[in-house]
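The values are calculated or read from the model by the stated rules, or taken from the named source; none is laboratory data. Remember, it's a predicted structure, so these values are computed and weren't measured experimentally. Cβ placement follows ideal geometry from the backbone for every residue including glycine, while neighbour counts extend to all protein chains displayed. Accessible surface areas use protein heavy atoms only, side chains included; no ligands, DNA or RNA. Shrake-Rupley method; radii C 1.70, N 1.55, O 1.52, S 1.80 Å.
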Amino acid sequence: MDTKKAFSLISSYGFFLFGFTSIILGSALPAIEKSFGLDHQIAGVLLSLPTLAFMASAIVVSSLSNRFGPFKLLAAGIVCIAAGLTVLSVGRSFWLLLVGSMTVSFGTGSMETSIGIAVSGLNYKKPGGALNLMHSFFAIGSIISPLIVAAFLVDYTSWWKPFLIALFVSLLLLSFIPFLYGIPFVGSDEKATHFRKEIFSKKIFWLIMVGVLLYVGYEIGFTSWLSSFMFESKGIEMRYASIFPALLWAGIFVGRLLAGIFVDKLGYELSLLMMVIIAFVSFGAALLLQSAIAIALAVVFAGFGFSGTFPTLQAILISSMKNGIGFAIGMFTVAASIGGAMSNFLVGLLGHHFGMMAGVIFILFLIFLEMVVVLLIMRVRKVRVDAQ
């Protein structure tokens, strides 16, 4: 098997583990709140702080990518994920929960940034399709994770058991580290920020940064708080409420599989606009509906709308940058981290003071802003093509 195919398989499995671990905390959040006596505001802090570690990892990886290469940095990220899952599996205190979550987030941030840089360096013919297909495995992990939580959430104190399952899942990924270290990479003394001025002068760069900030804000915000929203605002039993993130990610999985086929044919910008409109309409329906089955269908369609936005934005970034792609992708991950931290904290804050419905309406507002940003991206890209 050639290097590109092998890397694609490893990256896909890495995204599967990323999705599996990322959803556990949100799915088990009602039980964690009960177990540690947390209110929504403190729970929002618990969800937000790991995204700061995610952001820090993006800065570290983008700074070191020219020296060490994305493959060794990906291997280091895998080790961090396994270490964090070990802490989460054996720890029973709030502080160990926080430390373990932040360590896992540092590892997943390293992995995501390294994979993006590697895709650019390996010169995939269709980076949009490749990234969407890789990210579809994130969705598979995110579908399975809430089901595992629901199976093990027999009482409030069982919140840690799904993390132990994730630790076993990570063992296979650890076995790929020797292969990653063996992929040849010619280092460079050039600083990752060498092309910073050129990148910062591009309007499309800033629009993509805002776009990914908003997207991760509403994707992570809805995923993290969906179980609590179903439990508190819709009156669904806790164990069944914990399954709803799986429905969301089922829609994302199907959407990313399809996006891997149609984004390169339909065009990145038009694909983005179509997906964001579907997300806005479906999300709004989920807020208004009362039937659990109808809400479940709306959540699945919202997931379909969420599906290809992140990898397609990343593909636009890769295709728009001639130089400094490592730095640009690092900033992309930083913007994503800011969006996740901001959303989780603000949804928790609004939920604490005004009720969970207010927090979820804020997420709908973020999707509306995303539509505006996508329209601006379409305009800038059209002007660029016309100028050429």
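List of remarks:
- Of all residues in region 61-97, those that are among the hydrophobic types (A, V, I, L, M, F, W, C), within 23 Å of the chain's Cα centre (by Cα) and under 27 Å from MET331 (Cα atoms) total 14.
- Pick from region 153-164, criterion more than 23 Å from the chain's Cα centre (by Cα) and in a loop (DSSP other than H, G, I, E, B), ranking: surrounded by the most Cβ atoms within 10 Å (Cβ to Cβ): LEU153
- Top-ranked residue in region 237-250 [being at pLDDT 85 or above and aliphatic (A, V, I, L, M); ranked as most open to solvent (accessible area, probe 1.4 Å)]: LEU247
- Filter result for the condition that a residue is more than 30 Å from SER62 (Cα to Cα) and in contact with an Asp or Glu (Cβ under 8 Å, 6 or more places away or on another chain), over PHE283, PHE231: PHE231
- Those residues of region 332-350 which are under 16 Å from the mean Cα position of the chain (by Cα) and open to solvent by less than 40 Å² (accessible area, probe 1.4 Å), in sequence order: PHE332, THR333, VAL334, ALA335, ALA336, SER337, GLY339, GLY340, ALA341, SER343, ASN344
- Here VAL45 meets the list (1) modelled with pLDDT under 80; (2) buried (at least 24 other Cβ atoms within 10 Å of the Cβ) almost entirely, failing just condition (2).
- One residue from PHE262, PHE253, PHE301 being outside the structural domain of PHE137 (by the TED database), touching a Gly at 6+ places or on another chain (Cβ under 7 Å) and either polar (S, T, N, Q) or open to solvent by 40 Å² or more (accessible area, probe 1.4 Å) (or both): PHE301
- Selected residue (only one of SER201, SER175, SER227 is at pLDDT below 90, open to solvent by 10 Å² or more (accessible area, probe 1.4 Å) and either touching a Pro at 6+ places or on another chain (Cβ under 6 Å) or of a type in the set (Gly, Ala, Ser) (or both)): SER201
- Checklist (1) open to solvent by less than 40 Å² (accessible area, probe 1.4 Å); (2) touching a Lys or Arg at 6+ places or on another chain (Cβ under 8 Å) applied to LEU167, failing item: (2)
- Unmet requirement for ALA150, which otherwise passes all of (1) aliphatic (A, V, I, L, M); (2) open to solvent by 40 Å² or more (accessible area, probe 1.4 Å); (3) farther than 30 Å from LYS322 by Cα: (2)
- Search result, residues across region 204-224 that are open to solvent by 10 Å² or more (accessible area, probe 1.4 Å), at pLDDT below 95 and closer than 14 Å to ALA341 by Cβ: VAL216, GLU219, ILE220, SER224
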